[in-house]
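Down below is the structure, laid out as structure tokens.
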Amino acid sequence: MKVASEPSAGALNAQLEALTLRAIKAEHRDLNGLLFSWTLSCPSFLLSDSKSRLGQWLPDVKTIELSRELLVAMSWGAVVEVLKHEMAHQYVDEVLGASDQTAHGPAFRRVCGERGIDARASGVPTRDENAEPAGAEQAALEKIARLLTLANSQNEHEAQAAMAAAQRLMLKYNLEECERNVTRDYSFRHVGKPTGRVYEAPRILALILSEHFFVETIWISVWRPLEGKRGSVIELCGTRTNVEMAEYAHDFLMQTSERLWREHKRAHSIRGNRDRRAFLAGVMTGFRDKLQSQKQDHRQHGLVWRGDPRLSAYLKQRHPRSHWTRYSSSHDRAAHAEGQRAGSTIVLHRGLTRGAENRGRLLGSG
């Protein structure tokens with residue numbers, strides 16, 4: 001789990017702590033219904049200053065204890081995963097009464113497995129800082145790295161061809177992995193900064209990631225402890241490799257779209273930001289159209305991605321009550337058309353780095 005660059009734990013004052021504990025209690029109530037069929041009692045909740053233990057279930061006093069460090073240094077998604085982990089302990093204690101087993105014994109692992117909860121001691125899915133991809137994954141990553149490096153070419157045709165080849169290689173790799181019917185290790189990650197309102201450009205970007213980067217995406221509601229309010233953030237679900245690729249694409253496109261808007265303002269002597277959101281939505285639409293065209297080319301070569309049923313099941317297990325929502329668009333705005341033209345020229349580039357500065361990451365910074 002990535003550590004966010006937030007203020008220290010001292011920034012969580014008494015009022016923010018009270019609001020956060022209320023949010024944690026609400027999460028427990030919802031998860032009790034979703035995952036445990038309302039079988040758990042409502043415990044007390046306590047925040048600790050522990051830096052070595054993210055959370056623990058205290059059966060004698062019916063209390064779930066969470067670390068303040070967890071609340072300010074990690075995403076809300078990590079907080080919820082730790083809460084699920086401790087609720088699994090609560091279930092083993094209150095419902096199964098399996099007091100004769102170790103804390104992470106067979107009963108606990110079974111409860112976690114049935115509900116898609118991380119059974120490791122930390123309770124949080126983490127990025128292994130020393131893990132190296134193995135076998136076919138390593139070979140595919142090295143080829144994709146070379147292709148994305150070629151996409152830096154000043155020659156427009158070479159750059160476009162390199163990006164298309166990288167996309168095709170990702171497609172072939174994922175198709176082969178699904179056809180092999182091997183067990184794939186899925187995880188999740190939150191990308192971007194949680195916001196109070198979700199605008200059109202990030203919504204289109206979430207579609208791009210789910211349609212072309214072999215991940216499932218979903219907008220989820222999160223609590224922002226340091227602000228004392230709720231927000232929404234994109235959650236990516238997929239294999240380690242695909243989540244890493246999708247996260248890089250997300251950051252790259254967010255930064256590139258903002259750069260294109262600044263260039264557009266300078267070129268047209270625009271002072272304000274009235275049309276910024278429409279322009280950014282156009283950029284995402286233009287890039288999405290470009291990837292859709294590449295997908296048609298792949299279809300002509302017999303490469304058709306029909307999705308990963310097991311990944312869809314993983315997403316459903318994590319979010320059993322997800323639903324679709326319709327939003328309005330800004331397609332009728334002139335700024336949207338300008339952004340769409342700019343987005344159609346974007347080439348996703350830079351390599352998958354393995355250097356010390358990006359140790360444990362498949363891709364460097366966007």
*If residue 28 satisfies every condition in (1) in a helix (DSSP H, G or I); (2) more than 15 Å from residue 223 (Cβ to Cβ); (3) modelled with pLDDT of 95 or more; (4) not basic (Lys, Arg) but one, which is the exception?*
(2)
_Within the stretch 288-345, tally of residues that are surrounded by 15 or more Cβ atoms within 10 Å (Cβ to Cβ), part of a helix (DSSP H, G or I) and hydrophobic (A, V, I, L, M, F, W, C)_ = 6
_For the stretch 152-194, which positions are among the acidic types (Asp, Glu) and in contact with a helix residue (DSSP H, G or I) (Cβ under 9 Å, 6 or more places away or on another chain)?_
158, 176, 177, 185
*the stretch 22-40, subset touching a residue at least 24 places away in the same chain (Cβ under 8 Å) and open to solvent by 50 Å² or more (accessible area, probe 1.4 Å), residue farthest from residue 322 (Cα to Cα)*: 39
*Counting just the residues of the stretch 250-281 that are among the small types (Gly, Ala, Ser) and surrounded by fewer than 22 Cβ atoms within 10 Å (Cβ to Cβ), which one comes out nearest to residue 204 (Cα to Cα)?*
272
*Within the stretch 199-216, is there a residue that is in contact with a Cys (Cβ under 9 Å, 6 or more places away or on another chain) and either open to solvent by 30 Å² or more (accessible area, probe 1.4 Å) or small (Gly, Ala, Ser) (or both)?*
yes
*asked:* Can you say whether residue 350 is open to solvent by 90 Å² or more (accessible area, probe 1.4 Å), modelled with pLDDT under 70 and not small (Gly, Ala, Ser), as far as the supplied structure shows?
replied: yes
_Tabulated pairs, the stretch 49-62, first touching a residue at least 40 places away in the same chain (Cβ under 8 Å), second in a strand (DSSP E or B) and among the acidic types (Asp, Glu), C-beta under 9 angstrom, 6+ apart or interchain_ = 55/65
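The values are calculated or read from the model by the stated rules, or taken from the named source; none is laboratory data. Just so you know, these numbers come straight off a predicted model, no measurement behind them. Here Cβ is always computed from backbone atoms with ideal geometry, including for glycine, and neighbour counts include all displayed protein chains. Heads up: the accessible areas ignore ligands, DNA and RNA and are worked out on the full protein's heavy atoms, side chains in. Shrake-Rupley method; radii C 1.70, N 1.55, O 1.52, S 1.80 Å.
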